[in-house]
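Derivation of every value follows stated rules applied to the coordinates shown; laboratory data play no part. As the structure is a computational prediction, the values presented were derived from the model and not from experiment. Glycine gets a Cβ as well: all are built from the backbone with ideal geometry, and neighbour counts include every protein chain shown.
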Amino acid sequence: MDKLISQLDLQAHIEQFQSFFAREDNLYIEGDQELHYRYIKALDKIEFNAPPKVNDFFALKNHLNKHGVLTFEQIFEIVKVVRYFRYFKNKNLECLIGEWVSKIEVPEKFLEVEKYFDTQGHFEENLDETLFGLSQRIKEHKNEISSSLKHLMGSSKLAGYLVDTQIHFINNEECLLVRGGFNHVLKGAVVGRSTGGFFYVAPDSILKSKEKIRYIEQERQAIFYNYAKEFSKTLEELLPFINFVDKEFSKFDNYQARVLFARSKDLAIIKSKNHKNIILKDFIHPALHQAKPINVNFEKNILMITGVNAGGKTMLLKSILASAFMAKYIIPMKVNEHKSDIGNFKDIESIIDDPQNVKNDISTFAGRMQQFSQIFLKKQALLGVDEIELGTDSDEAAALFKVILDDLINRGQKVVITTHHKRLAALMADRDDVELLAAIYDEDQRRPTYEFMQGIIGKSYAFETASRYGIAHRLVDEAKKVYGDNSEKLSLLIERGSELERELKQKHKKVDEKLEELEKKEKALKDQREALFKELELEKTKLKDSYKEAINEAKRAARGGDIKDIHRAMNKANKKLPKEEKAEIKRDYDFKVGDEVKYHSQSGVIVSMKGKSDATIDVNGMKVRVKTKHLTPTKIVKAKPKTDVRLSVEKKAGLKCDLHGMRADEACEVLDKFINDALINGWDEVLVYHGIGTGKLSHAVKEFLKVHPKVKKFEDAPAHMGGFGAKVVTL
């Protein structure tokens with residue numbers, strides 16, 4: 001991997017990226033890459049502080065497994081990780097990250113260890129009374145030493161020997177800097193010499209205090225060691241928890257490093273997808289500064305890059321391979337993440353450098369052949385080859401590399417190559433799975449544009465490049481003559497083809513801009529239509545609710561016993577129905593007996609007419625008199641001969657039918673008409689009064705309702721609506 005990173009000029013980019021890790025880790029995140037990407041994108045939506053730098057847990061976990069004693073520094077590494085997770089947990093995030101950190105529960109035993117460390121990792125000595133007392137004693141002895149030294153410096157006997165009036169700290173000892181002969185007035189040990197030949201002397205008067213401090217420090221260290229043993233024993237019991245937070249922190253560290261690195265450089269976080277295409281939009285290689293963005297559509301098996309020397313062909317090849325590498329490892333890059341689409345490759349290989357090795361007696365071409373032999377061992381790899389013709393005769397190489405490329409395609413490899421082989425390009429150009437790309441040369445400015453055009457073979461512009469880099473014009477002109485007229489004509493044809501392609505590119509650009517504008521307008525119209533549709537659906541829902549409420553009011557009115565209550569309830573229901581103005585439909589035809597018509601949602605036939613405004617229709621065996629303005633003709637036939645039979649029904653069906661005082665046959669006829677009218681008017685529940693009396697009328701009504709095809713069920717009415725003397729009929 002390091003070699004590939006170096007070949008693709010990604011070292012600086014990767015080093016900057018790795019500096020954002022809290023601790024050193026691999027570029028690849030083990031596990032489900034799609035899940036990792038979801039966590040990274042979720043974390044990218046949150047503002048958070050970077051984690052502290054943390055050492056690896058490998059050594060400390062080994063110590064705990066072997067019942068060893070950890071140092072306070074090692075213990076504090078675990079504390080830092082736990083405290084950072086607690087910081088995130090306290091943010092109370094309602095997202096994927098919040099769900100994740102909320103599952104990290106810190107055991108109570110660990111809290112007993114954690115409380116002994118401050119934010120800098122120092123041991124909280126004030127929590128232990130003995131340690132606190134020892135610290136105070138050390139401070140007292142140090143004050144005694146300081147006072148003693150100041151007293152000596154103020155001594156008149158020693159004043160003539162003092163070089164300065166400072167306390168020097170040499171070899172962990174407080175010293176005075178004195179001249180030779182000091183031993184007559186100062187007893188002490190020489191601990192060093194200055195560059196001026198003076199002596200650093202530790203006075204005997206402070207040695208007793210220093211010795212006491214050493215004894216106290218030993219006592220303190222013994223207490224610290226006991227604490228370390230106690231903490232290590234507790235952490236040994238919590239080893240599963242430590243393993244868990246270690247693993248979770250490694251994942252989080254990978255996530256946060258990518259997010260914070262992308263934010264610092266304004267980069268995009270993009271993941272490779274499960275296909276073999278590479279579509280780049282506005283990609284900039286991290287090694288380039290103020291570079292032109294690269295746009296490439298590499299969906300075929302081979303991408304062949306030709307064109308002007310020093311025109312960016314090699315950097316384009318490196319950019320394609322680098323984008324695939326960074327997407328594979330979810331490393332942030334400069335690219336349009338919404339319009340780019342990068343596939344996933346098991347292996348990414350590059351043949352870029354000159355493999356010539358004098359020590360091993362390997363020529364450039366021989367080294368290239370060794371490199372290609374290794375490529376044949378891989379499957380479904382992304383391969384980049386720079387200057388494929390390097391090191392051998394161009395004509396022979398064209399035939400050889402054509403066969404090699406054919407075989408690589410059959411093995412499922414995806415190959416990017418740069419070449420000046422016009423013959424090789426011509427041999428491969430007729431294949432459907434080969435994409436041509438040419439570096440463009442600006443004839444007016446006489447320099448490369450560092451832009452590329454698809455579908456053509458580019459000219460090398462060797463003569464122009466030589467002139468640009470200082471070769472004398474007379475030598476270039478002579479070389480052109482040697483090159484020959486026919487070859488020059490071929491180059492001109494290639495150049496003309498490039499010009500035509502550039503013109504076509506400009507036209508395509510304008511068309512794309514217009515198309516993009518039309519797409520925006522189309523999207524705006526779609527959004528407007530969706531908004532209107534939602535508004536319409538909302539109004540429909542309101543109408544349905546109003547209709548349902550009105551029906552319920554009508555049903556409640558039907559169950560009422562008082563006529564006035566019924567009318568009041570019906571009026572209330574009618575008010576709740578939405579008002580609709582109906583335009584009067586003018587009929588320019590006359591209805592006749594025998595015409596097939598439609599009345600509301602029912603179909604029927606006209607059986608008789610009364611003038612031109614009233615008609616009696618037969619609807620499924622029911623005779624109904626209606627206004628002709630409410631009829632719609634469906635099929636007009638010749639009128640049948642008139643008969644003397646006359647039928648009439650009430651204009652509007654009621655919700656109640658009173659059969660009191662009628663004979664059985666008369667009551668059944670009235671009841672039949674009542675039910676037919678109720679069905680036409682859309683009622684699904686009516687009330688029939690028959691009384692109790694001798695029971696004959698009640699029996700006749702029951703028998704009639706039992707056999708009527710439109711009656712679903714019937715039952716005795718509630719007491720307040722007639723009780724046994726009435727029936728509630730469901731239609």
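Once you have the alpha carbon radius of gyration of the range 688-731, what is it after dividing by 2.2 N^0.38 Å, with N set to its residue count? Don't skip to the answer; put the middle values down first.
Working: Rg = 10.1 Å, N = 44, 2.2 N^0.38 = 9.3 Å.
So the Cα radius of gyration is 1.09 times the expected 2.2 N^0.38 Å.
Past 28 Å, Cα to Cα, is the threshold; run Lys612/Lys712; Lys41/Lys103; Lys627/Lys727; Lys103/Lys273 against it and keep the listed order.
Lys612/Lys712; Lys627/Lys727; Lys103/Lys273
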In the range 127-224, lysine pairs with alpha-carbon atoms under 20 angstrom apart (chain gap of 8 or more, or interchain) = 17
remark   = Non-local residues with an amide H under 5 Å from the amide H of Glu299, with H modelled 1.01 Å from N and Pro and chain starts lacking one, are Ile278
task = Go through Val201, Ser148, Phe132 and say which Cα lies farthest out towards the positive end of the charge dipole of the range 127-224; charges sit on Cβ, +1 for Lys and Arg, -1 for Asp and Glu.
result = Val201
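Can you give the Kirkwood hydrodynamic radius for the range 656-730, in Å, rounded to one decimal and based on Cα pairs?
Working: mean 1/r = 0.0820 Å⁻¹.
Final number for the Kirkwood radius of the range 656-730 is 12.2 Å.
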Summed residue charge, Cβ within 9 Å of Val688's Cβ, Lys/Arg positive, Asp/Glu negative = +1
task = Please report how far the C-alpha centroid of the range 245-305 lies from that of the range 715-731, rounded to the nearest whole angstrom.
result = 79
ask   = Taking the simple approach of a point 7 Å from Cα along Cα-to-Cβ for both His275 and Arg23, what is their distance in nm?
value = 4.0
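Too long at a 23 Å Cα-Cα cut-off: which of Lys3/Lys379; Lys247/Lys276; Lys598/Lys673; Lys45/Lys265; Lys313/Lys514? Provide the component values of the computation, followed by the final result.
Values: Lys3/Lys379 20 Å; Lys247/Lys276 32 Å; Lys598/Lys673 20 Å; Lys45/Lys265 16 Å; Lys313/Lys514 31 Å.
Result: Lys247/Lys276; Lys313/Lys514 exceed 23 Å.
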Principal axis dimensions, largest first and in whole angstrom, of the range 127-224 by Cα = 48, 25, 19
